[in-house]
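In what follows, a single structure is set out as structure tokens and then discussed.
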Amino acid sequence: MIKLRNTILVLVALGVVGFAGYAALFRDNAAPAVTFTSLKGEQVTTADLRGHVVLVNFWATDCPVCVKEMPRMVTTYNKYRGQGFELVAVAMRHDPPNYVLNYTEKNALPFRVALDPMGRLAKAFGEVKLTPTTIVIDKRGNIVTRILGEPDFSKLESLIERKLAEPV
């Protein structure tokens with residue numbers, strides 16, 4: 001009888017732990033409260049971007065994958081920008097500002113490009129150290145995915161479309 005009781009207690013405990021872990025999968029993962037400062041001096045906060053689907057792309061001008069994916073980022077931005085989509089490209093702290101400005105102007109990047117000279121944005125978004133790192137935030141301000149490396153753009157665009165269709 002004691003053995004059965006202990007077995008039941010262990011199963012109940014595992015069930016509670018399992019439920020807590022399962023529930024954690026669906027808990028809101030709020031984007032950090034940060035301010036992006038664009039190369040043009042424009043400031044926008046994550047709170048300002050609520051109601052939009054937002055893609056935050058950490059990149060660097062010396063990152064070959066970042067440079068390769070940037071034309072696709074432009075295409076994705078242009079495809080969805082009139083539907084409530086925003087994109088902020090955050091240059092890593094080691095990237096010289098004049099390189100970022102030169103790349104942005106030369107490639108006519110149509111979205112906000114922000115500098116992160118102190119690494120505060122990278123830290124706030126979970127200690128981003130590798131580029132490219134792409135984060136998608138839903139209309140309610142929750143992080144829905146984090147992609148390390150070049151995204152599969154068909155999957156990324158499918159996610160963006162699903163999130164754009166959701167109510168605020």
For this session: Would you check if there is a residue in region 84-100 being in contact with a Phe, Trp or Tyr (Cβ under 7 Å, 6 or more places away or on another chain), modelled with pLDDT of 95 or more and β-branched (Val, Ile, Thr)?
Result: yes
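Just to be sure, is Lys139 in a helix (DSSP H, G or I) and among the basic types (Lys, Arg)? First the steps, then the outcome.
Values: in a helix (DSSP H, G or I): no; among the basic types (Lys, Arg): yes.
In short, no.
If you go through region 89-115 one residue at a time, how many are under 26 Å from Glu157 (Cα atoms) and either under 13 Å from the mean Cα position of the chain (by Cα) or part of a loop (DSSP other than H, G, I, E, B) (or both)? Steps first, please.
Initially, region 89-115 is screened for residues under 26 Å from Glu157 (Cα atoms), giving 89-92, 100, 103-115.
Checking the rest, the ones that are also either under 13 Å from the mean Cα position of the chain (by Cα) or part of a loop (DSSP other than H, G, I, E, B) (or both) come to 89-90, 92, 107-111.
Within region 89-115, residues that are under 26 Å from Glu157 (Cα atoms) and either under 13 Å from the mean Cα position of the chain (by Cα) or part of a loop (DSSP other than H, G, I, E, B) (or both) number 8.
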For this session: Please indicate, with yes or no, whether at least one residue in region 74-91 is without any contact (Cβ under 8 Å) to a residue 24 or more places away in the chain and on the phi > 0 side of the Ramachandran plot.
Result: no
Exercise. For region 68-86, does any single residue satisfy the condition of being within 19 Å of Leu164 (Cα to Cα) and in a loop (DSSP other than H, G, I, E, B)?
Worked result: yes
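Going by the conditions given, is Gly141 at positive phi and in contact (Cβ under 8 Å) with a residue 40 or more places away in the chain? So that I can check it myself, show each step before the final result.
On the way: at positive phi: yes; in contact (Cβ under 8 Å) with a residue 40 or more places away in the chain: yes.
Spelling it out, Gly141 is indeed at positive phi and in contact (Cβ under 8 Å) with a residue 40 or more places away in the chain.
The values are calculated or read from the model by the stated rules, or taken from the named source; none is laboratory data. Being a predicted model, the structure only gives us computed values, none of them experimental. With ideal geometry, Cβ positions are generated from the backbone for all residues, glycine too; neighbour counts draw on all protein chains shown.
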